[in-house]
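Right, one structure below, let's go through it.
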Amino acid sequence: MAELHVLQDQTFGATKRRDAWWAEIIPVIIVLGGFGLYATFRAFEGKFYQCWDLGIPYLSPFYSPLIDAQHHWWHWSPALLILGGPLSFRATCYYYRKAYYRAFFLDPPSCAVNDRGHKSYKGETAFPFILQNLHRYAFYLALIFLAFLWYDAVCAFDWNGHFGIGVGTLIMTVNVILLSLYSFSCHSWRHLIGGKLECFSCSAASSARGSGWRFTSMLNERHMLFAWLSLFSVGLTDFYIRMVSAGVITDIKIF
Amino acid sequence: MAEATLNIFRGDSTNGKRVDYKVDVTPGMVVLDALHAIQGHQAPDLAVRWNCKAGKCGSCSAEVNGRPRLTCKTRMDSLPLDRPITVSPMKTFPVIKDLVTDVSWNYAVNKKITPFTPKKDTDWKMYQQDIDRVQEFRKCIECFLCQNVCHVLRDHDVKDKFGGPRFFVRAASLEMHPLDVADRVPMIKEELGIGYCNITKCCTEVCPEEIHITDNAIIPLKERVVDEYYDPILRIVRKITGAKKA
Ligand code: SF4
Ligand code: SF4
Ligand code: FES
Ligand code: FES
C-alpha cells in the first residue's frame, strides 16, 4: 500500500484528528511514572515499613511478606526480595500493557495517530514482549502475595491480642479488597476458570466453570477501573504506614 | 440554515488533492447525506461507496475529521462547523477513487480461516449459555474500520504477517462455537499473526457494532495460543496424558 502513503502524511504523530488525543496518555504517564518512582524509592528505602514498634499492627504492602528483616543473609532492603512478584503481575497485565504501549512506547500514541511506523515492529512475537505470554504465571504468583496481604489485613485487627480498628486497619482492608478485585478480574484467570471451554452445558464441571466465567467476565469488564484503584490504594497504604511509622502522623484508633 | 464545508480527498493511489465543498446542513443530516448532496449538485464524479444508509452494510467507512467512522452513522450536528470537516478514505487500504478503497486484501485473509467444522453426525441442539459469546461476534458488518485503525496494519503495514482484528473476531466466533471441532490455534498464531497485536484496543474503540474485539476475541485467543505454545506446565501435561489439548 506504499502508493497511498505518498498521499497521506506518514510523519510520527501526524493525524487529522482534532480532539486532544494526547490528553488520554498524559495522566497515564504521570500516574504510572509517579508510582514507579515512588515505589522504587520505597523499595530501596528499607525502613518505615511497619508500625509494630509503636504497638500498631500494620505492615506495608510493599514489604509483605517480610523476609529477613534482621539482615541475617540479605543486606539490602527486604522489599527488593519480593518486588518482582507484584511488579511482574502488573507489568504483564493486559490492561497495563495497553496503557504503557500507548503512553510510553507511543505504539500507537493514540488511535489513528501515526506511530513511528518502524518496519522492525514485532509486537509480542519476539523478545522481550513475547514474555507477556507468561502472564498467567504472574497471576499464580500474585495469588500467593494476595494471601499474605489478606493475612496482614486480618492481623491489622489484632491489637496486642484485642480486637481493634485503626484508620490504617481500614486502609489495609480496602486495599486488599481492591487488590482482590483487580486480581480476580484478570483476563488470564477469566480464561483459566472457563473461557477456554467450548461448551459450558456439557457436564456439571463445565457448567460450574461457565458460572465462574460469567462472574469473572462481569468483574473483567471493570478490570481497568480495578487496575487504577488498586494501584492508588497500594501506594496510599504504603504512604500512610510510612507516615505513621516515621512518626510524622499519629494513627487514630477508631475502635 | 447552517452551512458546512467538507474538505474531501479527491484522487486515487498515485495522485490526489483535497477539495472544499459547501453544503447546507439539514435536520438529521449525516455525513453520507452531505456527500450525496455534493455528488448530486457539485461533483457528480465523486466516488463514494454505500449501500444501506442504516449502519448495517459496512460499505460507507471513511475517516471524518481523522476518526474512522461509518459516514452514514456520523451526524453533521455532532461535528463542529467552524472549520472544514475533513473526509478521507481509509488510510490502510489503497484508494481506487476518492473515498472508495480496495479492501480485497481482507477477503484473501478471510480465506485462510478454516470454516465452521461440525463433528460427524452432530446433534444440532445448542444451548443459549454456549452461544452467548459467539453471538456478539456475529454482529460484525465487515466495515473494516477496525482493520483500518489497527496500527499494525495502518502504520507498520505488515499485511503479509498479520490478519487484523476483524479476522480475530471471525476466528473467535468459530473457535468458541460449541459445535465446532476444528483447531485454528496454529493458524491464529502463524498465519493471522496474533502476536503482532499489542492489545492497544483501537479496534474496539472504532467498532460501530460495539463488539468488544480486544477483550472478548483477541485476548481469549491469545490465551488459547498460550495454552498450546507457551505454557510449560500444560506442555508437560499434554506429553504425559497424550491429550491434544489440556
Ligand atoms: S488491539 Fe490489536 S488488533 Fe486491535 S487495533 Fe490494537 S493492535 Fe490492532
Ligand atoms: S469487528 Fe466491528 S469494526 Fe471490525 S469489521 Fe466488524 S463491525 Fe467493523
Ligand atoms: S492482571 Fe490485568 S489482565 Fe491479568
Ligand atoms: S451505508 Fe451501509 S453502513 Fe453506511
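The values are calculated or read from the model by the stated rules, or taken from the named source; none is laboratory data. All values derive from a computational prediction rather than experimental measurement. Glycine also receives a Cβ, built like all others from the backbone with ideal geometry; neighbour counts cover every protein chain displayed.
Numerical summary
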item	result
Residue count, region B:47-78 (criterion: in contact with a Gly (Cβ under 9 Å, 6 or more places away or on another chain) and either assigned to a strand (DSSP E or B) or touching a residue at least 12 places away in the same chain (Cβ under 8 Å) (or both))	7
Of the criteria (1) within 11 Å of chain A (Cβ to nearest Cβ); (2) surrounded by fewer than 24 Cβ atoms within 10 Å (Cβ to Cβ), which one B:P89 fails	(2)
A:L141 vs. criteria assigned to a helix (DSSP H, G or I), within 20 Å of A:I82 (Cβ to Cβ), within 14 Å of chain B (Cβ to nearest Cβ) and in contact with a Gly (Cβ under 8 Å, 6 or more places away or on another chain)	yes
Within region B:157-169, considering residues that are more than 11 Å from chain A (Cβ to nearest Cβ) and surrounded by 22 or more Cβ atoms within 10 Å (Cβ to Cβ), the one nearest to the chain's Cα centre (by Cα)	B:R166
Condition check for B:T200: more than 9 Å from chain A (Cβ to nearest Cβ) and either basic (K, R) or within 16 Å of ligand 3 (Cβ to nearest atom) (or both)	no
Test: residue in region A:112-131 that is more than 16 Å from ligand 2 (Cβ to nearest atom), within 17 Å of the chain's Cα centre (by Cα) and among the basic types (K, R)	no
Condition broken by A:R136, with the remaining ones in (1) touching a strand residue (DSSP E or B) at 6+ places or on another chain (Cβ under 8 Å); (2) crowded, with 20+ Cβ neighbours inside 10 Å satisfied	(1)
Counted residues, region B:20-46 - those being outside any helix (DSSP H, G or I) and not aliphatic (A, V, I, L, M)	10
Members of region B:92-103 found to be more than 8 Å from chain A (Cβ to nearest Cβ) and not in a loop (DSSP other than H, G, I, E, B), listed by number	B:I96, B:K97, B:V100, B:T101
Whichever residue in region B:13-46 is surrounded by fewer than 18 Cβ atoms within 10 Å (Cβ to Cβ) and in contact (Cβ under 8 Å) with a residue 60 or more places away in the chain and, among such residues, is nearest to B:V95 (Cα to Cα)	B:R18
Residue pairs meeting the criteria (Cβ under 9 Å; at least 6 apart or on separate chains; first within 8 Å of another protein chain (Cβ to nearest Cβ), in region A:1-15; second modelled with pLDDT under 75)	none
Residue that is farthest from ligand 1 (Cβ to nearest atom) [pool: residues in region B:187-198 that are of a type in the set (D, E, K, R) and in a helix (DSSP H, G or I)]	B:E190
Within region A:149-195, considering residues that are among the aromatic types (F, W, Y) and away from chain B (no Cβ under 14 Å), the one surrounded by the fewest Cβ atoms within 10 Å (Cβ to Cβ)	A:F163
Residue in region B:67-124 that is modelled with the highest pLDDT, counting only those that are of a type in the set (D, E) and closer than 24 Å to B:A171 by Cα	B:D102
Hits in region A:118-128 - residues which are at pLDDT 95 or above and either out of contact with any helix residue (DSSP H, G or I) (no Cβ under 9 Å at 6 or more places or on another chain) or more than 7 Å from chain B (Cβ to nearest Cβ) (or both)	A:K122, A:A126, A:F127, A:P128
From A:D68, A:D115, residue being over 18 Å from A:A147 (Cβ atoms) and within 14 Å of chain B (Cβ to nearest Cβ)	A:D115
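Here's the yes/no breakdown for (1) within 13 Å of ligand 2 (Cβ to nearest atom); (2) outside any loop (DSSP other than H, G, I, E, B); (3) in the same structural domain as B:T114 (by TED's automatic domain parsing):
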| residue | (1), (2), (3) |
| --- | --- |
| B:V158 | no, no, yes |
| B:T200 | no, no, yes |
| B:E209 | yes, no, yes |
| B:I218 | yes, yes, yes |
